[in-house]
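J.: The structure is given below, and queries will be raised subsequently.
Nothing in this text is a laboratory measurement; each read-out follows from the coordinates by a stated rule. Because the structure is predicted, anything quoted here is derived from the model rather than measured. Glycine gets a Cβ as well: all are built from the backbone with ideal geometry, and neighbour counts include every protein chain shown.
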Amino acid sequence: MIRIPDLIALVQKEIPDAEVNALDKTGMSDHFIIHVTSKEFVDKDVMERHRLVQSCLTAAMQDGRIHAAEIKTAVPGE
Amino acid sequence: MSAEDEIKEEIKKNKILIYGKGTKAAPQCGFTSETIQFFNKYGYPFEVVNCLENMTKREALSKMTNWPTLPKVFIDGKFYGDTDILDEMEAKGEVEPLLKAAFGEG
């Protein structure tokens, strides 16, 4: 279980300019849809974008705070 | 044969391969069935390898791809994550040409 503000903070720690929208999909606070918008994605393909977001969440995935994360990425104005 | 070799064999033999939970006929997880439906749309042949009871294979896959979750999709031997990635690639029109090239209709 993780609170959404903490989840957003996890992402912004590695991607400071990220605009993060997180939706608790099941109400159990462990299965999220996470939309991340950042200028850092501009020169990255979809896989690299997702790996970057995944890297922010690895610790929380491993210790069970997050069970599943559906990630969507975008660049500002896309 | 080690799990890695077995995987390399499988991804060479199948142009579209989904490592997931359950089988093509009976997926055992929402994301796996979502991935099956994703490829059903395109009509190209694909296979599903059930990793539900095969921890050795799952760990080998995670190590090979540095990707923590299932399902894991390989197209033409290359790793493409799961529908999170494929949906975004599809929205950018990147999936159709990729599949055409994989099946030699490039």
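J.: Among all the aspartates and glutamates, which ones have a C-alpha under 14 Å from B:Lys24's C-alpha, if same-chain residues fewer than 8 places away are not counted?
T.: Partners found: B:Glu34, B:Glu47.
J.: Helix-only mean residue ellipticity at 222 nm, chain B, DSSP H runs n ≥ 4 weighted -39,500 (n - 2.57), per residue, nearest 500. What is it?
T.: Roughly -14000 deg cm²/dmol at 222 nm, from the helical runs in chain B.
J.: Suppose the Debye formula is applied to equal point scatterers at every Cα of the range B:3-99; what is log10 I(q)/I(0) at q = 0.11, 0.23 Å⁻¹?
T.: Result of the Debye calculation: -0.28, -1.29.
J.: Next up: May I ask what percent, to the nearest 5, of DSSP beta bridges between residues of the range A:4-74 are antiparallel?
T.: Counting only bridges with both partners in the range A:4-74, antiparallel ones make up about 45 percent.
J.: Would you mind putting B:95-102, B:65-72, A:47-54 in packing order, based on average other-beta-carbon counts within 10 Å, highest first?
T.: The most tightly packed comes first, giving A:47-54, B:65-72, B:95-102.
J.: Using helices alone, what [θ] at 222 nm do you get for chain A, with -39,500 (n - 2.57) per DSSP H run of 4 or more residues, divided over all residues and rounded to the nearest 500?
T.: Using -39500 (n - 2.57) per qualifying helix, the result is -11500 deg cm²/dmol.
J.: Here is a further query. Computed over the Cα atoms, what is the radius of gyration of the protein assembly as shown divided by 2.2 N^0.38 Å, N being its residue count?
T.: On the way: Rg = 16.7 Å, N = 184, 2.2 N^0.38 = 16.0 Å.
Cα-based Rg divided by the globular estimate yields 1.05.
J.: Let me ask something else. Going highest first, how would you order B:73-83, A:19-29 by mean Cβ packing within 10 Å?
T.: B:73-83, A:19-29
J.: Pairs of alpha-carbon atoms within less than 8 angstrom and 6+ residues apart define the contacts here; what relative contact order does chain B have, in percent?
T.: With pairs under 8 Å counted, the relative contact order is 31 percent.
J.: Give the span of chain A's Cα atoms along each principal axis, as three whole-Å numbers ordered largest to smallest.
T.: Cα extents, longest axis first: 34, 21, 19 Å.
J.: Moving to a separate point now. If the cut-off is 22 Å between C-alpha atoms, which lysines fall inside it for B:Lys92, apart from same-chain ones fewer than 8 positions away?
T.: A:Lys39, A:Lys44, A:Lys72, B:Lys15, B:Lys41, B:Lys72, B:Lys78, B:Lys100
J.: So what is the relative contact order for chain A, in percent, with contacts set as C-alpha pairs under 8 Å and at least six apart?
T.: 35 percent
J.: Enter the mean number of other protein chain beta carbons within 10 Å of the beta carbon of each residue in B:58-68, as an integer.
T.: 1
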